[in-house]
1. State the number of residues belonging to the range 53-73 that are within 20 Å of the chain's Cα centre (by Cα) and surrounded by 15 or more Cβ atoms within 10 Å (Cβ to Cβ).
2. For the range 8-56, enumerate the residues that are under 21 Å from Arg87 (Cβ atoms) and polar (S, T, N, Q).
3. Given Tyr43, Tyr66, which one is among the aromatic types (Phe, Trp, Tyr), part of a loop (DSSP other than H, G, I, E, B) and under 22 Å from Lys92 (Cβ atoms)?
4. Just the residues that are closer than 20 Å to Glu13 by Cβ and of a type in the set (Ser, Thr, Tyr), please, taken from the range 39-93.
5. I need the full set of residues from the range 69-85 which are more than 22 Å from Asp4 (Cβ to Cβ) and either in a loop (DSSP other than H, G, I, E, B) or among the hydrophobic types (A, V, I, L, M, F, W, C) (or both), in order please.
6. Which one of Leu50, Leu24 is farther than 21 Å from Lys79 by Cβ and at pLDDT 95 or above?
7. Given the residues Ser84, Ser80, Ser60, which is the only one that is at pLDDT 90 or above and over 16 Å from Leu34 (Cβ atoms)?
8. Any chance you could count how many residues in the range 5-51 are under 18 Å from Asn70 (Cα atoms) and touching a helix residue (DSSP H, G or I) at 6+ places or on another chain (Cβ under 7 Å)?
Amino acid sequence: MDLDVNYYINEIERAKFGDEQSTLNLLDCFNPILRKYAYLLSYDDAYADLRCEFIGLIRSFPVGNYFENNGAVIGYIQKSIFHSYIRLSKKKAVDKAATFFNELSHQQSEMMS
């Protein structure tokens, strides 16, 4: 598919102003990387969480003359998705540790009583 030099910039600008079709087009374009990181996160709602993060990214995307072409936009989005993956994986690790310590504390209290 031969894309216009400003395809992603135009789609993002339309999505920012509520165009659902543009948002869906962007989700389709970046679906492989969203699925990749959802697989790596390996929890049930990881894909949905990453999609929500992606939509938030699109809504807060800096537009204007900041990006010169599709390559710059794609790089920015890929890096942002990676940062979302890192943030979610850290949150998952903290939640897992908290659950472990809560269970351990519960077992210790049962042993003492």
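The values are calculated or read from the model by the stated rules, or taken from the named source; none is laboratory data. Remember, it's a predicted structure, so these values are computed and weren't measured experimentally. Here the Cβ is made from the backbone with ideal geometry for all residues, glycine too, and neighbour counts use every protein chain on show.
1. Pass one, the range 53-73, residues within 20 Å of the chain's Cα centre (by Cα): 53-63, 70-73.
Cutting the leftovers down to surrounded by 15 or more Cβ atoms within 10 Å (Cβ to Cβ) gives us 53-54, 57-58, 61, 70, 73.
Of the residues in that region, 7 qualify.
2. Asn31, Ser42
3. Values: Tyr66 fails: under 22 Å from Lys92 (Cβ atoms).
Exactly one residue qualifies, and that residue is Tyr43.
4. Within the range 39-93, Ser60, Tyr66, Tyr76, Ser80 meet the criteria.
5. Ile81, Phe82
6. On the way: Leu50 fails: farther than 21 Å from Lys79 by Cβ.
Among Leu50, Leu24, only Leu24 is farther than 21 Å from Lys79 by Cβ and at pLDDT 95 or above.
7. Working: Ser84 fails: over 16 Å from Leu34 (Cβ atoms); Ser80 fails: over 16 Å from Leu34 (Cβ atoms).
After ruling out the rest, the residue left standing is Ser60.
8. Final tally of qualifying residues: 16.
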